[in-house]
Amino acid sequence: MPTFVYMTRCDGCGQCVDICPSDIMHIDKVTRRAYNIEPNMCWECYSCVKACPHQAIDCRGYADFAPLGHSVRVKRDEEKGVIAWRIKFRNGQKDMDLLAPITTKPWGTCIPQLRDVAAPNKDQRDSELLYNEPKYLRLDDGGLHTLKSAGLKLKEGVYY
Amino acid sequence: MFSNPISELSASIPPIAMQWYVIAMFILVAVGTILDMLHKRSAEYFFENAKKAQKSAKRTLSGGEKTSLAVQTVASEVLTSSEFKNTRRRISHLFTMYGLIVFIVSTAVLVFGYPTEADAGIWPFLWHLGALALAFGGYWFWFAIRVDVASEGVKWYNFNGRGDLFIVGLISTATFALLWSWTMGAGWVNWLFFVLFVASATELFGSVYWSKFAHMFFKPAAAYQKKCIKADGSRENLPEDYDLTDPAVQKRFPDIPEYMGTNPPNMGLGINREPPRHY
């Protein structure tokens, strides 16, 4: 179910408009606050929810995540380099917190240069693996990978 | 250049008429604000929100704490417009806000205190300064910052109906006030600017119900409530602001010390590094 905006929190800065991959977060022309112009097209990627500097955007989550009526709220603190989630069930009893480092790469640095990559061969086309799937995600090769086992490190200055 | 325009006007219009006009504008703002609150039910919304937050509050705020939060809201959100994350918008808002306040206060002082005296101390200077600041902030907003311009493709010459009533009222009031003052003694041109100035001011103060003027009353309430929910722990279901160097936090979330160390560095400005211009 789609995102919605708490109008009293929004200051119309445009960060959600900027980041929405479906281009459905817009600024209302009368109130100058953000709103979701096409809720049917929102797939709850949470990009706008995380980008909002005022935590003015919320999302009504599906039942596949937790029983309906729950609250899933997120706070992405880029200066600290962490993202915090809080999932609260509708009975108010089950209240979970998660905290993890942000691992997103800087804006524009991960655009795949498909022109320079060889086309997939027949085996790759028939494989269940996604084309060009990062080796760190491949469970058929050494099980579940962590940052450490993949030899990766978090770098200072993470943004986007 | 900074003479008292009201005293020169008093030769043609009696001061009592000017004073009644100012009172009428004040009444229009008060009535417009009340009607706006009734129509949008904004006061009801804030009370209901506060009640909802109280249910999930982890502690009750004392009267002193609430007063302190109210003072903080006035000092930060109201006086310095700290809510705005966009610096340009914040500066433009400060010019517009303080320009309007200085302009209104100095107009009231001149109309009620010095309606016939050409020498009114610093007030005529403040009247012009307020109008100039208002015009500067207003035109900056109109031509460069109006979010619609960037995201909705609305050009600077497109009037956007209700959304622009307030800003058009501000800009035209300040502009025609200055033009009227600076063309004093220029015959019909001066009278034309005076009529336009009065018309703009009436539009500005009389359109509170339809325009965005009322935001100055409910925005501080929203900012105060935001501070209260943080202080009483209800947080509108938002996650805590964790201190990453706290051993208890590190024990609870072992990913943090494992990947970021026990004393995580500041990771930089993030999304605030660049203005939102990717759409």
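Summary table
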{"item": "Pick from segment B:207-238, criterion within 22 Å of A:ILE57 (Cα to Cα) and of a type in the set (Phe, Trp, Tyr), ranking: farthest from the other protein chains (Cβ to nearest Cβ)", "result": "B:TYR224"}
{"item": "Condition met for B:TRP191 (part of a helix (DSSP H, G or I) and surrounded by fewer than 16 Cβ atoms within 10 Å (Cβ to Cβ))", "result": "yes"}
{"item": "Single condition A:ASP116 does not satisfy, out of (1) away from every other protein chain (no Cβ under 13 Å); (2) within 28 Å of A:GLU38 (Cβ to Cβ)", "result": "(2)"}
{"item": "Single condition B:VAL154 does not satisfy, out of (1) without any contact (Cβ under 8 Å) to a residue 40 or more places away in the chain; (2) touching a helix residue (DSSP H, G or I) at 6+ places or on another chain (Cβ under 6 Å); (3) in a helix (DSSP H, G or I); (4) among the hydrophobic types (A, V, I, L, M, F, W, C)", "result": "(3)"}
{"item": "Residue selected from segment B:4-56 under the condition surrounded by fewer than 17 Cβ atoms within 10 Å (Cβ to Cβ) and not in a helix (DSSP H, G or I), by the criterion modelled with the lowest pLDDT", "result": "B:SER56"}
{"item": "Members of segment A:87-107 that are in a strand (DSSP E or B) and either within 27 Å of A:LYS148 (Cβ to Cβ) or among the polar types (S, T, N, Q) (or both)", "result": "A:ILE87, A:MET96, A:ASP97, A:LEU98, A:LEU99, A:ALA100, A:PRO101"}
{"item": "Filter result (more than 9 Å from chain B (Cβ to nearest Cβ) and within 15 Å of the chain's Cα centre (by Cα)) within segment A:14-24", "result": "A:PRO21, A:SER22"}
{"item": "Selection within segment B:239-268 - at the interface with chain A (Cβ under 7 Å from one of its Cβ atoms) and not acidic (Asp, Glu)", "result": "B:PRO239, B:TYR242, B:LEU244, B:PHE253, B:ILE256, B:TYR259, B:MET260, B:PRO264, B:PRO265, B:ASN266, B:MET267, B:GLY268"}
{"item": "Boolean, B:ALA186 is without any contact (Cβ under 8 Å) to a residue 12 or more places away in the chain, hydrophobic (A, V, I, L, M, F, W, C) and surrounded by fewer than 19 Cβ atoms within 10 Å (Cβ to Cβ)", "result": "yes"}
{"item": "Residue within segment B:250-259 that is under 27 Å from the mean Cα position of the chain (by Cα), outside any helix (DSSP H, G or I) and either surrounded by fewer than 16 Cβ atoms within 10 Å (Cβ to Cβ) or in the same structural domain as B:ALA50 (by TED's automatic domain parsing) (or both) present", "result": "no"}
{"item": "Flag if A:ASP11 is outside any loop (DSSP other than H, G, I, E, B), at the interface with chain B (Cβ under 7 Å from one of its Cβ atoms), in contact (Cβ under 8 Å) with a residue 24 or more places away in the chain and surrounded by 20 or more Cβ atoms within 10 Å (Cβ to Cβ)", "result": "no"}
{"item": "Segment A:28-41 residues that are farther than 14 Å from A:THR3 by Cβ and more than 14 Å from chain B (Cβ to nearest Cβ), paired with ones that are modelled with pLDDT of 90 or more and in a loop (DSSP other than H, G, I, E, B) (beta carbon under 8 Å, 6 or more apart)", "result": "none"}
{"item": "Given (1) buried (at least 19 other Cβ atoms within 10 Å of the Cβ); (2) within 8 Å of chain B (Cβ to nearest Cβ), number of the condition A:ILE83 does not satisfy", "result": "(2)"}
{"item": "Residue among A:CYS59, A:CYS45 that is out of contact with any Phe, Trp or Tyr (no Cβ under 6 Å at 6 or more places or on another chain) and in contact (Cβ under 8 Å) with a residue 40 or more places away in the chain", "result": "A:CYS59"}
{"item": "All positions within segment B:240-278 that are farther than 24 Å from A:LYS155 by Cβ and without any contact (Cβ under 8 Å) to a residue 24 or more places away in the chain", "result": "B:GLU240, B:PRO247, B:ALA248, B:LYS251, B:ARG252"}
{"item": "Segment A:20-57, subset of a type in the set (Val, Ile, Thr) and at pLDDT 90 or above, residue surrounded by the most Cβ atoms within 10 Å (Cβ to Cβ)", "result": "A:ILE57"}
{"item": "Per-region count, segment B:168-182, residues over 16 Å from B:PHE95 (Cα atoms) and buried (at least 21 other Cβ atoms within 10 Å of the Cβ)", "result": "4"}
{"item": "Complete set of residues in segment A:49-80 that are farther than 21 Å from A:ILE102 by Cα and at the interface with chain B (Cβ under 9 Å from one of its Cβ atoms)", "result": "A:SER71"}
{"item": "Residue list for segment B:78-126, filter: part of a loop (DSSP other than H, G, I, E, B) and touching a Lys or Arg at 6+ places or on another chain (Cβ under 9 Å)", "result": "B:SER81, B:SER82, B:GLU83, B:PHE84"}
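Table: residues versus (1) under 19 Å from A:MET7 (Cα atoms); (2) assigned to a helix (DSSP H, G or I); (3) outside the structural domain of B:ALA24 (by TED's automatic domain parsing).
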position	(1), (2), (3)
B:TRP142	no, yes, no
B:VAL195	no, yes, no
B:PHE213	yes, no, no
B:ALA221	yes, yes, no
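The values are calculated or read from the model by the stated rules, or taken from the named source; none is laboratory data. This one's a predicted model, so the numbers in the text were calculated from it and none came from an experiment. Note that we place each Cβ from the backbone using ideal geometry, even for glycine, and neighbour counts take in every protein chain shown.
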